[in-house]
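Quick notes on the structure that follows.
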Amino acid sequence: MSKQSYAAALVDALHDAMRSDPRVSIIGGYVLGLGPQRTLTDRLKQDFPDRVFDPPTSEAGNAAVGVGASMAGMRPFVDLGTASFSYLAWSQLTNEAAVAHYMTNGRLTAPVTFHMLHGVRGGGAAQHSQSPHAMLWNAPGLEIVAPSTAADAYGLIRTALASPNPTMLVSHAKLLGIETEVSEKKSAIPFGVADIKRRGRDVTVVATSLMVPYCLTAAEALAKDGIEVELVDPRTLVPLDEKTIIESVSRTGRLVVVDECPLRGGIASEIAATVAERGFKHLKAPIVRVTRPDTPVPFSLPLENFVTPDPEKIAAAVRGALKAG
Amino acid sequence: MPKGPGEKRQWQFLERMLLIRRFEETVVKMATDGHFRGHYHLYIGQEGTGVPAIAALKRKDFLATTHRNHGHILARGADPGAGLAEILGRATGLNGGRGGTIHLCEPKLGFLSTSGVVGGCISLAVGGGYACAQRRDGSVTMALFGDGALEEGVSYEALNIAALWHLPVIFMCENNSAGAMGMAKGGYPSLVHASKNLLLIPKSMGIKSVRVDGVDAAAVHAATTRAISLCRSGRGPVFIEAMTPRWAGSDPLWPELATGITDLRMATGGAVPTGKHQAWFEHYDPVLRLARELANGGEESVHRLSALDEATRKRIADAADFALASPLPAPETALNHVFVQEASA
Ligand SMILES: Cc1ncc(C[n+]2csc(CCOP(=O)(O)OP(=O)(O)O)c2C)c(N)n1
Ligand SMILES: [Mg+2]
């Protein structure tokens, strides 16, 4: 075992996929954003100079090229940059890629992988801080992947690039530099298999992406008070491993869902609804959701902190869930 | 340099251009000192475009700007203290700290939403032009946007609508890509476009289109004045491409004060431009270029220049003090203003 950053694992996955599959190419000039990790992608350009494209600032066009190329047999990885700009490609994501297979009675496939940097990055204000994947969850036909660790990023990207379906992969901008354990030989991870990131008997916490390390920090603090959190990371929202989540709730009887998307119609809401519907008999207390409130993201630090879930807010919500019921 | 109203205007331009320059120099210092977080964009090198273009507008007109908005906001007369406070996320900032550097906005001065979405400005401005046309009061909307906006699809849709409906919109495209290394080489983005002549794009839709030297304040003012008068008389829209070579400090991905604190004595012979930015100092710095023209007026002008510089430095120093002393907003106010509150509507 050694440690690797999320960003480095992401680049490893792209490199290995390009080496093993000549259909894979990259449309995107700054897959890792503008931060210090950005130069990690240099070796992709060096080793595959004719398969990495610096596109114009044309999210709709870049996404469309990826969708079309995938319909024609390629496996493009299209980076949409800051996730807030994916809205410019909304039609290509939700109304082209997502529906093509269904609309052609299963004859056409669109095996394109999209990537974007989501979340409250710090000082990004309203227009650079969004997490649009909750909205995409309402677009049937798209696989949605939200890794939280280096090993998961590697494994899920390999699966995304091999998947016959269109896949949206979201990376939280603040995850890129975080190092986590990886084994010598990283391998593909199937979609729809949740990972229990921490075992505990008292309460089930479900989280993805950056909220996973935040929940681990909260869990450590709670453990000092004898509260044992079980942290379930679904890793993929589509397909969703409902079984593992409900099985965990059947043991703990309590559920806290943590996500950075706004509350209404969000990721936490969907997971809460699923457990309420299919695991109601296991619940000893109401489900608690920890999310952003339904506001845009403000620039100023105290305002931004106020609206963003963090380990303290998560720990407080877990304590609340244990007191109730 | 002719005396009279022309010269008076030139001095007014220089006053605003220098205000922007000192403001931006302060922004870099505040960023370096860790007073605010995140990416930011400076208007240094483009003052010769924004100031005279905006000076040609009237009170009733609308404007739209982008992530590179500081210069536009100041050119229109916004308070530099409130501008710096916004960049620092303070409660006294233009947007109460909610926007930050990318979204400085002053609706009272006619600004529509300051959009950080590339292509956002040019397209919202067409909506501004639509409103002006509906009002029938001769007002116009000016979009001040970067060349990169023409990489976005929505820009074509917006240009087409403006052309079809003859909307009173001045499309001021600030092309700062000349000489830039660009993203592919690890720098800040520069134009990635198959067309090497951007004017052909609006021209293909029958939009009157001109190119000007964006460093030459007088030329920009003349072109903008003509464009505005066409728009006011229902013969818009007009597209202006203002060319400014990429300022060295905006060439890397993260801005830096590449040419140092501007030394106005370079315009009066009191200091000699040297080093690797010599050509910029001599030819492409719009502030120095205009100051040099005005200093040609003789001894009195030289004194006037240094007095202006001193007053401007003081004004920005006061603005910085105000911003740094301003409180941060109360955390729970983050929940306000998602919707219009009836009382404040
Ligand atoms: C829709 C969208 N895509 C990408 C970005 C990231 N981005 C920020 S500034 C910039 C370059 C803009 O160039 P230009 O419009 O010429 O303005 P300049 O910064 O040169 O003044 C890009 C691509 C963005 N803000 N919006
Ligand atoms: Mg530009």
Inset, instruction - Go through A:204, A:236, A:217 for me and flag whichever is farther than 23 Å from residue A:173 by Cβ and either open to solvent by less than 10 Å² (accessible area, probe 1.4 Å) or of a type in the set (Val, Ile, Thr) (or both). - result: A:204
Legend entry - Test: residue in the range A:23-39 that is more than 16 Å from ligand 1 (Cβ to nearest atom) and open to solvent by less than 20 Å² (accessible area, probe 1.4 Å): yes
Inset, instruction - Please enumerate the residues belonging to the range B:167-183 that are touching a Gly at 6+ places or on another chain (Cβ under 6 Å) and away from ligand 2 (no atom under 14 Å from the Cβ). - result: B:167, B:168, B:169
Inset, instruction - Look at residue A:42 and say whether it is within 11 Å of another protein chain (Cβ to nearest Cβ), more than 20 Å from the chain's Cα centre (by Cα) and within 24 Å of residue B:156 (Cα to Cα). - result: no
Inset, instruction - Would you mind finding the one in B:208, B:185, B:203 that is within 14 Å of chain A (Cβ to nearest Cβ) and of a type in the set (Lys, Arg)? - result: B:185
Legend entry - Subset of the range B:172-181 that is within 9 Å of residue B:246 (Cβ to Cβ) and either of a type in the set (A, V, I, L, M, F, W, C) or open to solvent by less than 50 Å² (accessible area, probe 1.4 Å) (or both) - its residue that is farthest from the other protein chains (Cβ to nearest Cβ): B:178
Inset, instruction - Tell me the strands (runs of 3 or more DSSP E) entirely within the range A:195-295 that contain at least 2 residues that are basic (Lys, Arg) and under 28 Å from residue A:122 (Cβ atoms). - result: A:195-198, A:288-292
Inset, instruction - Please work out which residue is nearest to ligand 1 (Cβ to nearest atom), limiting yourself to the range B:32-81 and to residues that are within 14 Å of chain A (Cβ to nearest Cβ) and more than 16 Å from the chain's Cα centre (by Cα). - result: B:39
Legend entry - Among (1) open to solvent by less than 10 Å² (accessible area, probe 1.4 Å); (2) under 14 Å from residue B:143 (Cα atoms) - the single one residue B:57 does not satisfy: (1)
Inset, instruction - Tell me which residues, restricted to the range B:200-235, are assigned to a strand (DSSP E or B), of a type outside the set (A, V, I, L, M) and in contact with a Leu (Cβ under 8 Å, 6 or more places away or on another chain). - result: B:208, B:209, B:211
Inset, instruction - Say whether the condition of being over 21 Å from the mean Cα position of the chain (by Cα) and either more than 16 Å from ligand 1 (Cβ to nearest atom) or assigned to a helix (DSSP H, G or I) (or both) is met by at least one residue in the range A:76-93. - result: no
Legend entry - So residue B:302, is it without any contact (Cβ under 8 Å) to a residue 40 or more places away in the chain, hydrophobic (A, V, I, L, M, F, W, C) and in contact with a helix residue (DSSP H, G or I) (Cβ under 7 Å, 6 or more places away or on another chain): yes
Legend entry - Residues located in the range B:206-226, provided they are under 18 Å from the mean Cα position of the chain (by Cα) and of a type in the set (Gly, Ala, Ser): B:214, B:217, B:218, B:219, B:222, B:223
Legend entry - Scope the range B:112-150; condition farther than 21 Å from residue B:99 by Cβ and part of a loop (DSSP other than H, G, I, E, B); matching residues: B:136, B:137, B:138, B:139, B:140
Inset, instruction - Confirm whether residue A:5 is surrounded by fewer than 22 Cβ atoms within 10 Å (Cβ to Cβ), touching a strand residue (DSSP E or B) at 6+ places or on another chain (Cβ under 6 Å) and closer than 23 Å to residue A:185 by Cβ. - result: yes
Inset, instruction - Report yes if some residue within the range B:88-96 is in contact (Cβ under 8 Å) with a residue 12 or more places away in the chain and away from chain A (no Cβ under 14 Å); otherwise report no. - result: no
Inset, instruction - Select, from B:206, B:186, the only residue that is more than 16 Å from ligand 2 (Cβ to nearest atom), open to solvent by 10 Å² or more (accessible area, probe 1.4 Å) and within 30 Å of residue A:43 (Cβ to Cβ). - result: B:186
Legend entry - Residue, nearest to ligand 2 (Cβ to nearest atom), within the range B:124-147, restricted to residues that are surrounded by fewer than 24 Cβ atoms within 10 Å (Cβ to Cβ) and closer than 30 Å to residue A:65 by Cα: B:147
Legend entry - Criterion violated by residue B:19 - all others in (1) more than 16 Å from ligand 2 (Cβ to nearest atom); (2) out of contact with any Ser or Thr (no Cβ under 7 Å at 6 or more places or on another chain); (3) not in a loop (DSSP other than H, G, I, E, B) satisfied: (2)
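The values are calculated or read from the model by the stated rules, or taken from the named source; none is laboratory data. Every value quoted in this text rests on a predicted model; they were computed, and no experiment measured them. Because the Cβ atoms are built from the backbone with ideal geometry, glycine has one as well, and the counts that use them run over all protein chains shown. Each accessible area value is taken on the protein alone, full model and side chains, heavy atoms only, with ligands, DNA and RNA left out. Shrake-Rupley method; radii C 1.70, N 1.55, O 1.52, S 1.80 Å.
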